[in-house]
Amino acid sequence: MADGSKVLDVAGVSKRFGDLEVLSDISFQVAKGETVCVLGPSGSGKSTLLRCINWLERPDAGQIYLTGTEIGVTGAGIVMSDRELSRLRTRIGMVFQHFALWPHLTVLQNLMEAPIQVQKRPSAEVRDEALALLAKVGLSDKRDAFPAKLSGGQKQRVGIARALAMRPDLLLFDEPTSALDPELVGEVLVVMRELAHEGMTMVVVTHEMGFARDAATRILFLDRGRVVETAPPERFFSAPETERARQFIQRYAGHVANGGCRT
């Protein structure tokens, strides 16, 4: 459960690519322990929003704060150096659609590399935590395997464990099940549900409506780069306030009935 302390504050963020306005004046906050699921049709700006949060994309306007520290800009309004930005990014874990594991490292080495090289933590401590995280995601038996030998679902679980190995304040998920075969989706969602119930602070871009209903503390619904509606999941799915949200939910309800949308 959220304890009320603010981890993420997104204030008036906008982003354009040429003439295309991808995000327009996006504002929301995430308290410690919250799981905010970002929903919306394809092209609504969801992934760009995540990339702006950790400055993989530089916003054109607005501010983003992580536990009170502005991301990307120093107190004097000067853009952070790459080193300063990298240091701040270590507090934000990100799980991508396509795993992004280092192919030349074993599963265990994938988890240990950044905490040792970036955070300069003792290898024995990092190894113990990495082994515990692999047990948490059900992959202790794969610690010496290379990514090429893993299924998509296993790779994504390693990706989650690797993000957690950095002890982040915030975990971002960019449609983590979209690249998986349908039968592998469940094993990843189980891990994500456990993290949500344990109080990990997360922002999750997803098309998995069942996960959003079960695990989210709040839904942020985007359309055409704008926040159309934000609400607790029970209200969003049962009694949305806007016509656009109703259309979106009905569309996905139809897909579920036809077997076309995973829940």
Next item on the list: Hey, could you check region 173-203 for residues that are part of a loop (DSSP other than H, G, I, E, B) and among the charged types (D, E, K, R) and say which is modelled with the highest pLDDT?
Entry: Glu175
Check: Can you find even one residue in region 41-54 that is touching a residue at least 24 places away in the same chain (Cβ under 8 Å), assigned to a strand (DSSP E or B) and not basic (Lys, Arg)?
Finding: no
Checklist line | Matching option when the condition is of a type in the set (Gly, Ala, Ser), modelled with pLDDT of 90 or more, within 15 Å of Ile53 (Cα to Cα) and surrounded by fewer than 16 Cβ atoms within 10 Å (Cβ to Cβ), among Gly93, Gly68 | finding: Gly68
Item checked: Residue tally, condition in a helix (DSSP H, G or I) and under 19 Å from Gln250 (Cβ atoms), over region 215-239 -> 6
Checklist line | Pairs where the first residue, in region 232-247, is under 13 Å from Ile219 (Cα atoms) and the second is in a loop (DSSP other than H, G, I, E, B), C-beta under 6 Å, 6+ apart | finding: Pro233/Ala216
Check: So which residues in region 14-25 are crowded, with 22+ Cβ neighbours inside 10 Å and not in a strand (DSSP E or B)?
Finding: none
Checklist line | Filter result for Phe28 (of a type in the set (A, V, I, L, M, F, W, C), in a strand (DSSP E or B) and in contact (Cβ under 8 Å) with a residue 60 or more places away in the chain) | finding: yes
Checklist line | Within region 201-211, considering residues that are of a type outside the set (Asp, Glu) and crowded, with 21+ Cβ neighbours inside 10 Å, the one nearest to Ala31 (Cα to Cα) | finding: Thr201
Check: Does region 105-126 hold any residues that are without any contact (Cβ under 8 Å) to a residue 40 or more places away in the chain, surrounded by fewer than 18 Cβ atoms within 10 Å (Cβ to Cβ) and closer than 19 Å to Lys155 by Cα, and which are they?
Finding: Gln109, Glu113
Notebook entry, point to check: For residues in region 82-126 being outside any helix (DSSP H, G or I) and of a type in the set (Val, Ile, Thr), which is farthest from the chain's Cα centre (by Cα)?
Noted result: Thr106
Notebook entry, point to check: Which numbered condition trips up Leu8, out of (1) over 19 Å from the mean Cα position of the chain (by Cα); (2) hydrophobic (A, V, I, L, M, F, W, C); (3) outside any loop (DSSP other than H, G, I, E, B)?
Noted result: (1)
Notebook entry, point to check: Among the residues of region 132-153, which ones are surrounded by fewer than 16 Cβ atoms within 10 Å (Cβ to Cβ) and of a type outside the set (Lys, Arg)?
Noted result: Ala132, Ala135, Gly138, Ser140, Asp141, Asp144, Ala145, Ala148, Ser151
Notebook entry, point to check: Is it true that some residue in region 165-172 is closer than 21 Å to Trp102 by Cα, touching a Pro at 6+ places or on another chain (Cβ under 8 Å) and assigned to a helix (DSSP H, G or I)?
Noted result: no
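The values are calculated or read from the model by the stated rules, or taken from the named source; none is laboratory data. Note that the structure is predicted; figures quoted are calculated from it, not measured. We place every Cβ from the backbone using ideal geometry, glycine too, and count neighbours over all the protein chains shown.
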